[in-house]
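I have placed the structure first, in the form of structure tokens, so that the comments after it can refer back to it.
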Amino acid sequence: MAIRIAPDKDAPSIAIEIPLEKPLPDYDLEQMDQPTPRDVDGVLVSQGFRDLVDDARGVLTQLIAEPPPHITVCHRPGDLDLSEKPHFEIAQLTGAISPGNEVYRPGLWIVLKDLQAPAKQSVNETTLEQAREIVGELVKRLGLE
């Protein structure tokens, strides 16, 4: 799966794109590869896709609030919060049109904001790794892999 995770330049947020590559019968999403972006639009407005977005929001909220033990947390210098949790907020979670090789696919577009990072600074590598681990767990729990 070609998940794209990229920190935003000069902002404490991380953009995540998760293209859907396999059918998801539980969401009535059978045909992922579409010939044009306009064809993907029909998938993005379907009830099944909306249900997937709702489930993704619920799972992601849970993972941010209570990350699994394998998600490592390293405190930054000066960080007095000893909660041992990543400090993310879901800034955006919506559908996306993901280009593939001569096809287009529906996907999830997520923006996570680091609530403890300075306002005009990119996230550090530790925070980026925490986001990668959370997204990996999200993909696993939703059965997107």
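Residue pairs whose Cβ atoms lie under 7 Å apart, separated by 6 or more positions or on different chains, with the first residue in the stretch 126-141 and in contact (Cβ under 8 Å) with a residue 60 or more places away in the chain and the second part of a helix (DSSP H, G or I) and surrounded by fewer than 18 Cβ atoms within 10 Å (Cβ to Cβ), are Leu138/Val59; Arg141/Val59.
One residue stands out among those in the stretch 100-114 that are surrounded by fewer than 15 Cβ atoms within 10 Å (Cβ to Cβ) and in contact (Cβ under 8 Å) with a residue 40 or more places away in the chain: the one that is farthest from Ala65 (Cα to Cα), which is Val103.
Does the stretch 10-23 contain at least one residue that is at pLDDT below 95, more than 18 Å from the chain's Cα centre (by Cα) and part of a loop (DSSP other than H, G, I, E, B)? Yes, the stretch 10-23 has at least one match. Tell me, which residue of the stretch 108-145 that is in a strand (DSSP E or B) and of a type outside the set (D, E, K, R) is farthest from Ile90 (Cα to Cα)? For the stretch 108-145, the residue satisfying everything is Leu108. A Cβ distance below 8 Å, combined with a sequence gap of six or more or placement on separate chains, defines the contacts here; from the stretch 35-52, residues that are closer than 13 Å to Ala96 by Cβ and touching a residue at least 40 places away in the same chain (Cβ under 8 Å) reach residues that are among the aromatic types (Phe, Trp, Tyr) and surrounded by 15 or more Cβ atoms within 10 Å (Cβ to Cβ) in the pairs Pro37/Tyr104; Val40/Tyr104; Val43/Phe49; Phe49/Tyr27; Leu52/Tyr27. From the residues in the stretch 18-48 that are in contact with a Gly (Cβ under 6 Å, 6 or more places away or on another chain) and closer than 23 Å to Ala131 by Cα, which one is surrounded by the fewest Cβ atoms within 10 Å (Cβ to Cβ)? That would be Pro19.
The values are calculated or read from the model by the stated rules, or taken from the named source; none is laboratory data. From a predicted model like this one, the values you see are computed outputs, not experimental measurements. Counting neighbours? That spans all protein chains shown, and the Cβs are built from the backbone with ideal geometry, glycine included.
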